[in-house]
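Report on the following structure.
The values are calculated or read from the model by the stated rules, or taken from the named source; none is laboratory data. Worth saying up front: this structure is predicted, and the values here are computed from it rather than measured. Cβ coordinates were reconstructed from backbone atoms using ideal geometry, including for glycine residues, and neighbour counts include every protein chain displayed. Just the protein is used for accessible areas: all its heavy atoms, side chains included, with ligands, DNA and RNA removed. Shrake-Rupley method; radii C 1.70, N 1.55, O 1.52, S 1.80 Å.
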Amino acid sequence: GEVDIVAREGDCVVFVEVKTHGDPGYLEWSVGPLKRHRIISASRRWLLAHPDSDSSYVRYDVVLMSGGRVEHIRDAFGD
């Protein structure tokens, strides 16, 4: 699928997209609408395949690794 990491934080399942690039502005266009749609679709398939995940809600994060810097953007899709 399109999901790099599936994690858990309390009763939340977190789907994480990891991007590496030299340009910090890369995130602006690397996780656009089509990529978001693919990640959300993959997360729905994962949740259907793991009904025992017992999650109250899901969240979508992005981890951007750029120029030796790591930035974790929680709830990156903001939906």
Which of the residues belonging to segment 47-79 are touching a Lys or Arg at 6+ places or on another chain (Cβ under 9 Å) and farther than 18 Å from LYS35 by Cβ? SER53, SER55
Among the residues of segment 1-39, count how many are modelled with pLDDT under 90 and among the basic types (Lys, Arg). 2
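Would you point out the residue of segment 50-64, among those that are open to solvent by 80 Å² or more (accessible area, probe 1.4 Å) and either in a helix (DSSP H, G or I) or closer than 18 Å to GLU17 by Cα (or both), that is modelled with the highest pLDDT? Quick ask: steps written out before the conclusion?
Let us first name the residues in segment 50-64 that are open to solvent by 80 Å² or more (accessible area, probe 1.4 Å), namely 51-52, 54, 56-57.
Narrowing the set further to residues that are either in a helix (DSSP H, G or I) or closer than 18 Å to GLU17 by Cα (or both) leaves 51-52, 57.
Values: PRO51: 89, ASP52: 87, TYR57: 92.
Per the criteria, the residue is TYR57.
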I'm trying to understand the selection: among the residues of segment 65-79, which are outside any strand (DSSP E or B), farther than 13 Å from VAL31 by Cβ and aliphatic (A, V, I, L, M)? none
